[in-house]
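Trainee: Submitted below is the structure of interest, expressed as structure tokens.
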Amino acid sequence: KNYYQEIVHAKSDNRKLIAILLDPDKIVLNNLPTLIEKIQLSPATHVFVGGSSVSNQIMDVLIQRLKEKVTLPIVLFPGNPSQISEHADAILFLSLISGRNSDYLIDHQVNAIPILEKTDLEIISTGYILIESGSETAVERVSKTKPLDRNNSDYVCQTAVAGAYLGNKLIYLEAGSGAKLAVPLEMIRKVADAISVPLLVGGGIRSHKEIKEAFDNGADLVVIGTAFENNPNFFHHD
Ligand code: 1GP
């Protein structure tokens, strides 16, 4: 299996992808069977697992439980190297290219190698770009980096293109989990037009209308965390 190639194929077929993001810190394991059922019945194509402050033990348990029942690819979306679990299928190997904190640009990545070498995880290099979203988010606080100006699409585009030229196989525009304001649609449009690698968009997307708008403006994969966390029936219209 090549999870990255599947994303590339989906992009070229214009098949849009949805990832449900599970933050192990916010999940009560007792509720997991219900959540798994909802995930299986949803239009999600991927499950992302990660958070800003989770430990490896919780990650391992959660991912093992998910793997028993969920048929979708389980992709790590780690906040730091301690969140790597060998039980997942792939890992977004993130570099926070909007920031200038070397810890999140390269240090964590270097430190992750001895851990990754003991796993069979597919490694997908991802240029991760944090966009200002109306108030401080956990990513901003934990990474100690400033998000990029939401009114300066040109600079965000430059950052995305630089990220792609550096070899990142995905570009992820992030407003931050629970963001007040999602990534602006015209910014999604400009970045999508400027890069040829698949574009992920997430943070503060709360409705089906917003998901569709992100897709219509060129997002290839939309990440939904909080909306599903608050309402596991989010994907089931009445
Ligand atoms: C956060 O982009 C993801 O990293 C999802 O954000 O929780 O706001 O959906 P939400």
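The values are calculated or read from the model by the stated rules, or taken from the named source; none is laboratory data. The structure presented is a predicted model; accordingly, all values stated were derived computationally and were not measured. Here Cβ is always computed from backbone atoms with ideal geometry, including for glycine, and neighbour counts include all displayed protein chains.
Trainee: Search the range 161-180 for residues being among the hydroxyl-bearing types (Ser, Thr, Tyr) and closer than 26 Å to SER135 by Cα, and hand back the single one that is nearest to the ligand (Cβ to nearest atom).
Mentor: Only one residue tops the list, namely SER177.
Trainee: Among the listed residues SER82, SER53, which satisfies the condition of being within 14 Å of the ligand (Cβ to nearest atom) and in contact (Cβ under 8 Å) with a residue 24 or more places away in the chain?
Mentor: Every option except SER53 fails the conditions.
Trainee: Further question: When the residues of the range 181-234 are narrowed to those that are among the aromatic types (Phe, Trp, Tyr) and within 13 Å of the ligand (Cβ to nearest atom), which ends up surrounded by the fewest Cβ atoms within 10 Å (Cβ to Cβ)?
Mentor: Residue satisfying both the conditions and the ranking: PHE234.
Trainee: Restricting attention to the range 97-139, report how many residues are surrounded by fewer than 21 Cβ atoms within 10 Å (Cβ to Cβ) and either touching an Asp or Glu at 6+ places or on another chain (Cβ under 6 Å) or within 20 Å of GLY225 (Cβ to Cβ) (or both).
Mentor: Total meeting the criteria: 6.
Trainee: Write out, first by first residue and then by second, each pair whose Cβ atoms fall under 7 Å of each other, whose residues are 6+ apart or on separate chains, and whose first residue, in the range 197-217, is under 23 Å from VAL139 (Cα atoms) and at pLDDT 95 or above while the second is in a helix (DSSP H, G or I) and within 10 Å of the ligand (Cβ to nearest atom).
Mentor: Note: pairs meeting the criteria are ILE205/ALA227; ARG206/ALA227.
Yes or no, residue by residue, for (1) within 18 Å of VAL49 (Cα to Cα); (2) in contact with a Gly (Cβ under 9 Å, 6 or more places away or on another chain); (3) of a type in the set (A, V, I, L, M):
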site: ALA192; (1), (2), (3): no, yes, yes
site: GLU210; (1), (2), (3): no, yes, no
site: ASP216; (1), (2), (3): no, no, no
site: GLY225; (1), (2), (3): yes, yes, no
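Trainee: For residues in the range 7-49 being crowded, with 16+ Cβ neighbours inside 10 Å and either at positive phi or among the charged types (D, E, K, R) (or both), which is farthest from the ligand (Cβ to nearest atom)?
Mentor: Checked the range 7-49; the qualifying residue farthest from the ligand (Cβ to nearest atom) is LYS11.
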